[in-house]
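Colleague: Structure incoming, see below.
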Amino acid sequence: MKKIIFIISIVVFSVRLNGQISTENVKGKVSFVSSQNIYVKFLTTNGISTGDTLYILSKGKLVPALIVNNLSSVSCSGTVISSLEILVDDQLIAVRKNSVPKSVDKIPETKNSYTEILKDSVTIVKKPALSQQIRGYISAYSYSGFSNTPAPNSTQLRYTFSLDAKNIGNSKLSVENYMSFRHKIGDWSAVKSNIFDALKIYSLALKYDVNKSTQISIGRRINPKISTIGAMDGLQVEKSLNKLSIGALAGYRPSFADYSFDRHLFQYGAYLAYSSVTAEKYSESSFAFMEQMNSGKTDRRFLYFQHSNSMIKNLYFYSAFEVDLYKLKGDTVTNYLAQNTFNLTGAFLSLRYKLSKKLTLSGSYDGRKNVIYYESFKTYLDLILETAMRSSFRLQADYRISNNLVFGLQTGYRFLKTDPRPSKNLYGYLTYSQIPGLNLSVTLSGTYLESSYVNSKILGATFNHDFFSNKLSASLGYRYLDYKYPESLSNTVQNVGEMSLFMQLSRKISFSISYEGTFEKQNKYNRFYLQLRKRF
Amino acid sequence: MRILSLLIFITGLFFSNQKTDSPHGPDFKISCKTCHSPKGWQLDKETYSFNHNTTKLPLTGQHKEVSCRQCHPTLIFTGAKPNCIDCHTDIHQATLGLDCSRCHTPATWLVTNVIELHQTSRFPLIGAHRTADCIQCHKSENFTRLDVTGVNCIDCHRANYLATTNPNHPQSGISEDCLLCHAITSFQWTGAGFNHATFPLVQGHAAVKCSDCHAQGTFTTASTVCYTCHQQDYIAAKNPVHTPAVYSNNCQDCHTLSPGWKPAAINHTAFPLTLGHSLPACTDCHKDGNYAATPTVCYSCHQTNYTATTNPNHIISGFPNTCATCHTTTPGWKPAVFNHTNFPLTLGHATPVCADCHIGGNYTSTSTVCYSCHATDYNNTTNPKHSTLAFSTTCTTCHTTVPGWKPATYTQHDAQFFPIYSGRHKGQWTNCKECHPNTANYLLYECKICHSSVHRSNNYTNAQCYNCHPRGTGG
């Protein structure tokens, strides 16, 4: 019985894998042809080496056709050296140098596993455990405004640099940096008086992967899990435990004045995050506590909670809450008493539901109060004690009438207690994408707005066109606006024209230019925007 | 060796029956060759043909150029999260919500729709706000956090308010509602941009200094009453001299804002100065400088006229003292329309002299009986002579008020003398002369003019006819 099993096993694997070839010439079949290489499948490549020549039988003669560049156990790829056209399924012949019989003991693993498939690849790239990835961009922007009004014309330049260098030199060390520099033409003195009025560093941090689950960063960094606190200069540690991650951070808030380093603004905190992601669903939550100080005294203490999920099919939910735990109470500047509190400073709720393939409904609530930093603002606390919540509601419905035709309605309501009256708006649009024959997209829109001091009606049309396989995009727009001032019973009519061009000059370089002209009865306003961006 | 072979066989069978574990997760339906080639499992850009536009997120702008791994950190592509902030750190510190596409496009972070964005916000950008830098209103140390900003002017312009010295806004207690004085569409705080709507600075007030009216910085308590500022002008006025007894100190009663106090027109709409009132001296009505409580009743000024009137004597006649009952403001008190409904003044009475009827100025007990006025007519009438014929003195028995006493219908003839409006003679005559040929004496009559053939041989007299036929019928 054992003999039978032994024989069967030999037969099975012999058939599935490499046969033992004893002839000098080995035939292979072309399996794939690319612009650079031709791939040839053999029963085995034993005896074939990199640099060998493969031949093609032409008019009864072996003609050199291919130089082998890469090799696996059953296939090879190479560069064409023949003028003859080589097609898929053509037969190429290798002349063996050695034909070494395989030992039955060296039966390879099953081919059906991905491990084996990878081994069968022509080139097996063995990536290091940590692989360096460097990407980023540098860009230059200009914002120019010209008008015939008494307001001065101005041009503002802005340069940004972004770098995300992961695992530098395949090490555990990473660097991230994002900063911008902005100044007005003709106002360099402002830059010279304080460079940090122009230079804003949003992140400049070193990150070190202690192990697969632990990461430390030092420097200025915005933690995506608690981005609400903004950038922090200091130490951040995060430990991942499967779906759970725990983080702690301690350092300094950037200066309130110019976003530079400020040693007085020490802060510390911790967060707990949970993330569950599958192909169909995901759920993420994070909970953070922060204590922010100024010169050793509590400036602000708050909790932050964020949750998002797509646990129900076609439904996406996002929520974020910020609760302040500390306040000063008193009636004079010098007579404040610290108190614990539980004051909702910010709440954001968003829901998006795809009711059907055609109809998507979404809505959001955004309630925010201005944050009070009791120590930092103590001297003029009375001025900023307006802590009424600004509430904003948005509802939107998008209906896909056909593949290319979409209609949408959106309404918004915003109110702050000190506003003379709420701001209400209704916006509707109709978009036809890719009009046949024109490759043009058109959007018609209308808006009605009631705000504290003006009511307005806006009608607009926008045309978009892509050229050269989307390497060049152009848009042209027009809007008619009628502002009515209820207090004075007067109005202002504006005609607005817009043009923009976006050019992908190369895979890494893009350029865009935009113009917006607003024409009133007497006043004319022009705005130009330019951007040049180079990615690396 | 046999045992080893057996193990290898069993292991081989086990693995050969295993379902392949795709690194892209279960139910991954995209063909391998869409991304891979026989070169290996690395993405082959030469053969890559996946159309990302078939997914929920078509790739446009910069998204077309980035590597897959930037959005798909694992090989389970469907696990990529849908929100911008899942890939892009929110440098706005959650102050702008989730929807980056409201400001940014996949092509660029450049925000080119600032004006359009504000058109659905609490503060559309109008006037000077349209040319302002974002950070002038959205103040933050990093330029990217957009805190809640109030939409009241003072929320941004408090510094302007505090710094203003002409006039000093805080000291003067000027309202923080800037729109009361400054237009939102303007580019400057003064000149055309200044709005003095509560007291329009036009005409004579167009070029005055603030301090002319707002003495000692009284910007909130400055009176809008003319006299407050123009008392000296009132006192100094010479033509005419504005003595309080004559002229009100409500300047606007007579003057406009036109410089030089001219034209001066009395605003007398409550008592229109027309016709007979068009050129009075103010004091004719406004006695003792009473411009506030001068009555508008005619009699209060025209009592003397009422009393002095003799034709008719209003007092004796007991006329009401509501002059407007009979008179208009036409000078001379004429025409005077009297309400004579109890004795309509029509036809023959249409244009009488009052005294014709109201003898001796008797306007209270004048008889409405015709004869009381027309006795003379009665007595003097000769054709026929009413007195002789003993006609009724009730004139309306035969006459209307049509002038000339005609037509006259004497129906009493039937009862008094002989039936001619009834009986056999009805309709047989057209005028009196047919029976009364002697119009000097209607007592005489002729029957035989018509009845000559009757009793011809007896030669009866007219009286004999009447004696036998007093009703005009056969014997």
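Colleague: Taking the stretch B:208-223 on its own, how many of its residues are assigned by TED's automatic domain parsing to the domain that holds B:Pro167 and under 20 Å from B:Trp261 (Cα atoms)?
Modeller: 4
Colleague: Just checking, which of A:Ser286, A:Ser319 is crowded, with 20+ Cβ neighbours inside 10 Å, of a type in the set (Gly, Ala, Ser) and under 30 Å from A:Ala250 (Cα atoms)?
Modeller: One residue alone meets the criteria, A:Ser286.
Colleague: Here is a follow-up. What single numbered condition from (1) away from every other protein chain (no Cβ under 12 Å); (2) within 30 Å of A:Ala257 (Cβ to Cβ); (3) of a type outside the set (Val, Ile, Thr); (4) under 32 Å from the mean Cα position of the chain (by Cα) fails to hold for B:Cys178?
Modeller: Of the numbered conditions (1) away from every other protein chain (no Cβ under 12 Å); (2) within 30 Å of A:Ala257 (Cβ to Cβ); (3) of a type outside the set (Val, Ile, Thr); (4) under 32 Å from the mean Cα position of the chain (by Cα), the odd one out for B:Cys178 is (1).
Colleague: May I ask you to say which residue of B:Lys56, B:Lys81 is more than 7 Å from chain A (Cβ to nearest Cβ) and assigned to a loop (DSSP other than H, G, I, E, B)?
Modeller: B:Lys56
Colleague: Inspect all residues belonging to the stretch A:289-300 and state whether any of them is surrounded by fewer than 18 Cβ atoms within 10 Å (Cβ to Cβ), closer than 30 Å to B:Gly25 by Cβ and among the small types (Gly, Ala, Ser).
Modeller: Scanning the stretch A:289-300 turns up no residue that is surrounded by fewer than 18 Cβ atoms within 10 Å (Cβ to Cβ), closer than 30 Å to B:Gly25 by Cβ and among the small types (Gly, Ala, Ser).
Colleague: So which of B:Gln416, B:Gln412 ends up being more than 27 Å from B:Phe343 (Cα to Cα) and at pLDDT below 85?
Modeller: B:Gln416
Colleague: Here are some residues: B:Asp147, B:Asp155. Which one is of a type in the set (Asp, Glu), farther than 26 Å from A:Ser144 by Cβ and not in a helix (DSSP H, G or I)?
Modeller: Numbers: B:Asp155 fails: not in a helix (DSSP H, G or I).
Just one listed residue meets the conditions, B:Asp147.
Colleague: Looking only at residues that are surrounded by 11 or more Cβ atoms within 10 Å (Cβ to Cβ) and in a loop (DSSP other than H, G, I, E, B) in the stretch B:158-175, which one is farthest from the other protein chains (Cβ to nearest Cβ)?
Modeller: Looking at residues that are surrounded by 11 or more Cβ atoms within 10 Å (Cβ to Cβ) and in a loop (DSSP other than H, G, I, E, B), I get B:Pro167.
Colleague: Here are B:Asn160, B:Asn142, B:Asn152: which of them is modelled with pLDDT of 85 or more, in contact with a Gly (Cβ under 9 Å, 6 or more places away or on another chain) and not hydroxyl-bearing (Ser, Thr, Tyr)? Lay out the reasoning, then the answer.
Modeller: Numbers: B:Asn160 fails: in contact with a Gly (Cβ under 9 Å, 6 or more places away or on another chain); B:Asn152 fails: in contact with a Gly (Cβ under 9 Å, 6 or more places away or on another chain).
Just one listed residue meets the conditions, B:Asn142.
Colleague: Can we say A:Ala198 is surrounded by fewer than 18 Cβ atoms within 10 Å (Cβ to Cβ), more than 29 Å from A:Leu241 (Cβ to Cβ) and either in contact with a helix residue (DSSP H, G or I) (Cβ under 7 Å, 6 or more places away or on another chain) or in the same structural domain as A:Tyr271 (by TED's automatic domain parsing) (or both)?
Modeller: Answer is no for this residue.
Colleague: For the stretch B:226-237, what are the residues that are free of Cβ contacts under 8 Å to residues at least 12 places away in the same chain and closer than 26 Å to B:Pro170 by Cβ?
Modeller: The answer is B:Thr228, and nothing else.
Colleague: If you don't mind, another one. For the stretch A:251-328, which fully contained strands (runs of 3 or more DSSP E) count at least 2 residues that are in contact with a helix residue (DSSP H, G or I) (Cβ under 7 Å, 6 or more places away or on another chain) and aliphatic (A, V, I, L, M)?
Modeller: Because the criterion is at least 2 residues that are in contact with a helix residue (DSSP H, G or I) (Cβ under 7 Å, 6 or more places away or on another chain) and aliphatic (A, V, I, L, M), the strands (runs of 3 or more DSSP E) in the stretch A:251-328 that meet it are A:266-277, A:282-294.
Colleague: Here's another thing I want to ask about it. Do we have A:Gln133 as within 9 Å of chain B (Cβ to nearest Cβ) and under 30 Å from A:Lys524 (Cβ atoms) here?
Modeller: Working: within 9 Å of chain B (Cβ to nearest Cβ): yes; under 30 Å from A:Lys524 (Cβ atoms): no.
Taking the combined requirement at face value, the residue does not satisfy it.
Colleague: Now, a different point. Has the stretch A:405-426 got any residue that is more than 13 Å from chain B (Cβ to nearest Cβ) and either under 30 Å from B:Leu180 (Cβ atoms) or without any contact (Cβ under 8 Å) to a residue 12 or more places away in the chain (or both)?
Modeller: Looking through the stretch A:405-426, none of the residues is more than 13 Å from chain B (Cβ to nearest Cβ) and either under 30 Å from B:Leu180 (Cβ atoms) or without any contact (Cβ under 8 Å) to a residue 12 or more places away in the chain (or both).
Colleague: Go through the residues of the stretch B:112-133 one by one and say whether even a single one is among the small types (Gly, Ala, Ser), within 18 Å of A:Glu498 (Cβ to Cβ), more than 7 Å from chain A (Cβ to nearest Cβ) and in a helix (DSSP H, G or I).
Modeller: Scanning the stretch B:112-133, I find no residue that is among the small types (Gly, Ala, Ser), within 18 Å of A:Glu498 (Cβ to Cβ), more than 7 Å from chain A (Cβ to nearest Cβ) and in a helix (DSSP H, G or I), so the answer is no.
Colleague: Continuing with this model, one more query. Can you tell me which residue in the stretch A:510-520 is farthest from B:Pro124 (Cα to Cα), limited to those that are in a strand (DSSP E or B) and facing another protein chain (nearest Cβ under 10 Å)?
Modeller: A:Ser510
Colleague: Residue by residue through the stretch A:442-501, note down the ones that are of a type in the set (Val, Ile, Thr), more than 9 Å from every other protein chain (Cβ to nearest Cβ) and either within 18 Å of A:Gly408 (Cβ to Cβ) or surrounded by 19 or more Cβ atoms within 10 Å (Cβ to Cβ) (or both).
Modeller: A:Val442, A:Thr443, A:Thr462
Colleague: Answer yes if at least one residue in the stretch A:336-354 is touching a residue at least 24 places away in the same chain (Cβ under 8 Å) and outside any strand (DSSP E or B), and no otherwise.
Modeller: no
Colleague: Related question: Name every residue in the stretch A:436-451 that is in contact (Cβ under 8 Å) with a residue 24 or more places away in the chain and assigned to a strand (DSSP E or B), in order of residue number.
Modeller: Those that are in contact (Cβ under 8 Å) with a residue 24 or more places away in the chain and assigned to a strand (DSSP E or B): A:Leu440, A:Ser441, A:Leu449, A:Glu450.
Colleague: Answer yes if at least one residue in the stretch A:167-178 is assigned to a helix (DSSP H, G or I) and either within 12 Å of another protein chain (Cβ to nearest Cβ) or of a type in the set (A, V, I, L, M, F, W, C) (or both), and no otherwise.
Modeller: Looking for residues that are assigned to a helix (DSSP H, G or I) and either within 12 Å of another protein chain (Cβ to nearest Cβ) or of a type in the set (A, V, I, L, M, F, W, C) (or both), one finds at least one in the stretch A:167-178, hence yes.
The values are calculated or read from the model by the stated rules, or taken from the named source; none is laboratory data. Note that this is a predicted model, so its numbers are computed, not measured. Counting neighbours? That spans all protein chains shown, and the Cβs are built from the backbone with ideal geometry, glycine included.
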